[in-house]
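Heads up: the structure comes next, in structure tokens.
The values are calculated or read from the model by the stated rules, or taken from the named source; none is laboratory data. Given the structure is predicted, the values throughout are model-derived calculations rather than measurements. Note that each Cβ is placed from the backbone with ideal geometry, even for glycine, and that neighbours are counted across all protein chains shown.
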Amino acid sequence: MIYSIQGKLTYKGENFFVVDLNGLSFKIRTSFNALRSLPQAGEAVNVVTHLHVREDALELFGFLDREELELFEQLISISGIGPKSALGILGIDQISKLRAAIGEGKVELLTKASGIGRKTAERIVLELRSKMKQEGSGTIVGLMESDQDLVEALANLGYTKNQAREALAKVGSTVIGLEARLKAALGFLKNG
């Protein structure tokens, strides 16, 4: 089992990155949030990994911290959730917010991930809810729900959902209220 890889980041793709380790390059699949947080190509990177073994392939999945790796492994342990679906879920929002959403039983937030329907989201909540309880999760989930509405609003204005999510991630949790968060996100998108 490959637990972690430390080397030079040589390439970032749409849903993967490549790390060079003394002439041996590893293609590592990852979530949208982890990909966005990686340093620039040419810089050193250290990632924790999960080696997924299938009948016809070996795939390496990498994350910047253990918390994201743990949630990924919990998700793929659920029947019907594969690595690609798990990455889609991890790409919805930050790990602490996803844990709060699962702990609060917010199925509709999980269905925002590509390929995750209501029944699958309900199964995730059923199997992981007791493991995700945390203090203040109601407030976190409220912010997540409003941010999902803002992503849709920004998409209707012509921005991609990824651009909208990145802008809202920059806004931070200190800015409250739909209008204030929308204005701040638009400011980041315009200054770009």
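Within segment 69-87, can you find the residues that are in contact (Cβ under 8 Å) with a residue 24 or more places away in the chain, in a helix (DSSP H, G or I) and surrounded by fewer than 21 Cβ atoms within 10 Å (Cβ to Cβ)?
Within segment 69-87, Gln74, Ile76, Pro83, Lys84, Ser85 meet the criteria.
For segment 98-108, how many residues meet the condition of being assigned to a helix (DSSP H, G or I) and over 10 Å from the mean Cα position of the chain (by Cα)? Walk me through it before giving the result.
Narrowing segment 98-108 to residues assigned to a helix (DSSP H, G or I): 98-103, 107-108.
Now narrow it down to the ones that are over 10 Å from the mean Cα position of the chain (by Cα): 99-103, 107-108.
Here the count works out to 7.
If Lys119 passes every condition in (1) farther than 17 Å from Asn33 by Cα; (2) at pLDDT below 80; (3) in a helix (DSSP H, G or I) but one, which one does it miss?
(2)
Any chance you could count how many residues in segment 176-185 are outside any loop (DSSP other than H, G, I, E, B) and of a type in the set (Val, Ile, Thr)? Even if it seems obvious, please write down each step before you answer.
At the first step, the residues of segment 176-185 found to be outside any loop (DSSP other than H, G, I, E, B) are 178-185.
Filter again for of a type in the set (Val, Ile, Thr), leaving none.
Result for segment 176-185: 0.
Scan segment 158-175 for residues that are without any contact (Cβ under 8 Å) to a residue 12 or more places away in the chain and assigned to a loop (DSSP other than H, G, I, E, B) and report the count.
So the answer is 5.
Return the residue satisfying two criteria in turn: it lies in segment 1-55 and is out of contact with any Leu (no Cβ under 9 Å at 6 or more places or on another chain) and of a type in the set (Gly, Ala, Ser), and of such residues it is nearest to Arg66 (Cα to Cα).
By that ranking, first place goes to Ser4.
Do we find that Gly7 is farther than 26 Å from Lys170 by Cβ and touching a strand residue (DSSP E or B) at 6+ places or on another chain (Cβ under 7 Å) in this structure?
When the stated conditions are applied, Gly7 passes them.
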